[in-house]
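> Got a structure for you, written out below as structure tokens; questions coming shortly.
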There are 2 protein chains.
Amino acid sequence: MEFTLTILGVNGAVPAHGRFPTAQYLQIQNHHFLVDCGEGTQMRISDFGVPRNKLNHIFISHLHGDHIFGLPGLLFSFALNGRSTPLHIYSPEGLEAMITAQLMPGGKLPYPLAFHVIPTDTSELIYENKDLTVHTLPLSHRIPTSGFLFREKPFERNIIPEKIQEFGLSIPQIIRVKNGEDLVLESGKTIKNEQLTFPPFQPRSYAFVSDSEYNENLVPLLADVDLLYHETTYCKDSEDKAAATRHSTAEQAATIAKLAAVKTLVTGHYSSRYTELDLFLQEAI
Amino acid sequence: MEFTLTILGVNGAVPAHGRFPTAQYLQIQNHHFLVDCGEGTQMRISDFGVPRNKLNHIFISHLHGDHIFGLPGLLFSFALNGRSTPLHIYSPEGLEAMITAQLMPGGKLPYPLAFHVIPTDTSELIYENKDLTVHTLPLSHRIPTSGFLFREKPFERNIIPEKIQEFGLSIPQIIRVKNGEDLVLESGKTIKNEQLTFPPFQPRSYAFVSDSEYNENLVPLLADVDLLYHETTYCKDSEDKAAATRHSTAEQAATIAKLAAVKTLVTGHYSSRYTELDLFLQEAI
């Protein structure tokens, strides 16, 4: 069961040193998401060979150019490639007007495009399907900004394949057993669920913390997350600059990760002032 | 005296096979121009190491996304890098509204940005400085589209350096001699201009023919151009597709080049259906 994050761009505001601005491709089971869409995202999708046509939901953290300037190109390429599937974009208010202005004079897209305005000051459920939920994460940046928390829903118990044949289980029986019920045979005999199944897989979670200054209010929202992406535009040498632009340092991101006891931290959105990135790793570990 | 074209992107509508959409960096003497600005232009400028900060004039052929989606990122990066020099953008009508919509909510740019609307149905002078002129070239595409013809102005005659010392020439005398006048010495003796100078350099020219169907009306406008870029989205195998989308084939571009007796033809804007580009060369020669 796939749970894969492909980081398409790791750089902050100005692309540099061959590093592209923020964009991430997230696959959870058979659901495909794009998180932020900096300039060049469609080229990076192509470079990495991730399946662009399976993308039906795009989550945008805020309306700074380095997080959205790849959208018009991606939307147009979808059109030129004959897309007909609806596309949903979730973002803070204002994106629709910006994108609509860009889509002229190319005219109407051949697929439905729906914009969903998300809150940026509370953590709310903004998307759900049978396998997962997406909540917003309120962030502290220069303009309204939101992170995103992707959580798998609890899995059913796993049936032991041999038991299906052994007891000649029907589909309705299998469903009940996977839901945790015991099996009552025609003879009246009861087989305990534990003899038929093994425990469910642990649901996994990914939190995307886009541009934000150090913000401990996030800690309870990130508690025990499996994978946390937290921006680290600067290292400690530029702590003042981080504060002035309302960004985080590597050390600050690591502190949040530690306080929230997340299992793995990934960083990005590096300032173009850093040619090499070793310092970010040194500060974060 | 520099006259250098750097092709930043050669692909048509959808970026593919590592090829970026249309953008060209043109240096003529000490003047720097950008011609079209597809998505990723700022990364390509960085890749090629051409000096972005010397760009004060951008020429946009038409408002299809693959020719303009790199503009917002470039304009923002100029701002983030502290640009204060005015920037001029020449394009068919409609660009200002599209770009202005993208610049929000980042707010006002810290440098003056001027949009100039160009004609697309006549060849007119739209820019001039002491060394060169730029004229529009009316093209035939699905929306109003213009090419651009860059022409150096006639050079002065070149003074033979040794003659300056030999006759003790003053600055005003040098200027008159370079303009072709004979030199009258204090003694009354006249030195013929041909003894003091050698002929001027030949002015050079570059024509950028963006998206356009085959159009022989261009021929007189392109006569004797030194370097012609003519789009060739397709090869002969897709001549119908070229006609339907109002693009050209390699053979058609070569025919225009031949009829106009241009010295060198460069092609581009290749459709992403072509993984390899050899066929374009074979058809054009």
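The values are calculated or read from the model by the stated rules, or taken from the named source; none is laboratory data. Please read these numbers as outputs of a predicted model, since none were measured by experiment. Please note: Cβ atoms are built from the backbone with ideal geometry, for glycine as well, and neighbour counts cover all protein chains shown. The area values use the complete protein model at the heavy-atom level, side chains included, leaving out ligands, DNA and RNA. Shrake-Rupley method; radii C 1.70, N 1.55, O 1.52, S 1.80 Å.
> Using a 1.4 Å probe on the protein heavy atoms, what percent of the accessible area of chain B belongs to carbon and sulfur?
Summing carbon and sulfur atoms, their accessible area is 52 percent of the total for chain B.
> For chain B, how big is Rg over Rh, using alpha carbon atoms and the Kirkwood form of Rh?
Result: Rg/Rh = 1.07.
> Can you give the Kirkwood hydrodynamic radius of the stretch B:1-118 from its Cα pairs, in Å with one decimal?
Evaluated over the stretch B:1-118, this radius sits at 14.4 Å.
> Let me know the mean shielding of A:69-77 by other chains, meaning the per-residue number of their Cβ atoms within 10 Å of its Cβ.
Counting other chains' Cβ atoms within 10 Å and averaging over A:69-77 gives 6.
> Another question about this same structure. Write down the percent of antiparallel bridges among all DSSP beta bridges whose residues are both part of the protein assembly as shown, to the nearest 5.
Antiparallel bridges: around 55 percent, rounded to the nearest 5.
> Return the inverse of the average 1/r over all pairs of distinct C-alpha atoms in the stretch B:1-67, which is the Kirkwood hydrodynamic radius, in Å to one decimal.
By the Kirkwood definition, the hydrodynamic radius is 12.0 Å.
> Still on this structure, I have one more. Express in nm, to one decimal, how much length is gained between B:ILE285 and B:LYS153 on full extension, taking 0.36 nm for each residue of separation and deducting their alpha carbon distance.
That works out to 44.5 nm of additional length.
> Take every Cα pair under 8 Å in the stretch B:212-285 that's 6+ residues apart, average their separations, divide by the length, and report that relative contact order as a whole percent.
RCO, the stretch B:212-285: 40 percent.
> Moving on. Taking the solvent-accessible surface of protein heavy atoms with a 1.4 Å probe, what is the per residue accessible area of the stretch A:90-202 in Å²?
Accessible surface, normalised per residue, equals 56 Å².
> In nm, give the distance between the simple-model label positions of A:HIS88 and A:LEU109, each being 7 Å from the Cα along the Cα-to-Cβ direction.
1.4
> A further question follows. Taking only Cα atoms and a 10 Å spring cutoff, compute GNM fluctuations for chain B and point out the largest among B:ASP237, B:ASP131, B:ASP211.
B:ASP237
> Continuing with this model, one more query. Label points 7 Å out from Cα along the Cβ direction at A:ASP47 and A:GLU276: separation in nm?
Each label point lies 7 Å from its Cα, and together they span 2.2 nm.
> A further question on this structure: Out of every Cα-Cα pair in the stretch B:200-285, what percent are more than 14 Å apart?
58
> Express as a percent, rounded to the nearest 5, the fraction of DSSP beta bridges in chain A (both residues included) that run antiparallel.
Restricted to chain A, the bridges split so that about 55 percent are antiparallel.
> May I ask for the net charge around B:THR22, where only other residues with Cβ less than 13 Å from the Cβ of B:THR22 are counted and Lys, Arg are +1 while Asp, Glu are -1?
Spelling it out: positives minus negatives among the neighbours equals -3.
> When chain A is modelled as a GNM with alpha-carbon springs shorter than 10 Å, which of A:LEU95, A:LEU185, A:LEU34 fluctuates the most?
Of the options given, A:LEU185 has the highest mean-square fluctuation.
> Shifting gears a bit: If you take every DSSP beta bridge fully contained in the stretch B:1-151, what fraction is antiparallel? Give it as a percent rounded to 5.
65
> Points 7 angstrom from Cα along the Cβ direction at B:LEU80 and B:THR6: gap in nanometres?
Taking the simple label geometry, B:LEU80 and B:THR6 are separated by 1.9 nm.
> Related question: Given springs between every Cα pair under 10 Å in a Gaussian network model of chain B, which of B:VAL266, B:VAL177, B:VAL219 has the largest fluctuation?
The residue that fluctuates most here is B:VAL177.
> Residues of the stretch A:142-165 with backbone nitrogen within less than 16 Å of a virtual label 7 Å along the Cα-to-Cβ line of A:LYS189, please, listed as ranges.
A:163-165
> Mind jotting down a quarter of the surface of the convex hull over the alpha carbons of the stretch A:164-242, in square nanometres, one decimal?
So the mean shadow area of the Cα hull is 8.7 nm².
> Ok, one more. Just to confirm a number: summing +1 for Lys and Arg and -1 for Asp and Glu over residues other than B:THR85 whose beta-carbon lies under 15 angstrom from that of B:THR85, what do you get?
+3
> If you wrap the protein assembly as shown's Cα atoms in a convex hull and average its projection over all directions, what's the area in nm²?
Value for the protein assembly as shown: 35.2 nm².
> To the nearest µm²/s, what D does Stokes-Einstein give for the stretch B:54-102 at 4 °C and 1.567 mPa s, using the Kirkwood radius over alpha carbon pairs as Rh?
This corresponds to a translational diffusion coefficient of 113 µm²/s.
> What does the charge dipole of the stretch A:1-156 about its Cα centre add up to, to the nearest 20 debye, if the Cβ of each Lys and Arg holds +1 and the Cβ of each Asp and Glu holds -1?
Result for the stretch A:1-156 is approximately 360 debye, rounded to the nearest 20.
> Based on Cβ point charges of +1 for Lys and Arg and -1 for Asp and Glu, what charge dipole magnitude is obtained for the protein assembly as shown about its Cα centre, in debye rounded to the nearest 20?
Result for the protein assembly as shown is approximately 60 debye, rounded to the nearest 20.
> A follow-up question, please. Consider a paramagnetic label point 7 Å from the Cα of A:THR133 along Cα→Cβ; state which residues of the stretch A:18-33 have an amide N under 19 Å from it.
Flagged as within label range: A:28-29, A:31.
> State the volume of the convex hull built on the alpha-carbon positions of the stretch A:39-82, expressed per residue in Å³ and rounded to an integer.
Hull volume normalised by residue count: 75 Å³.
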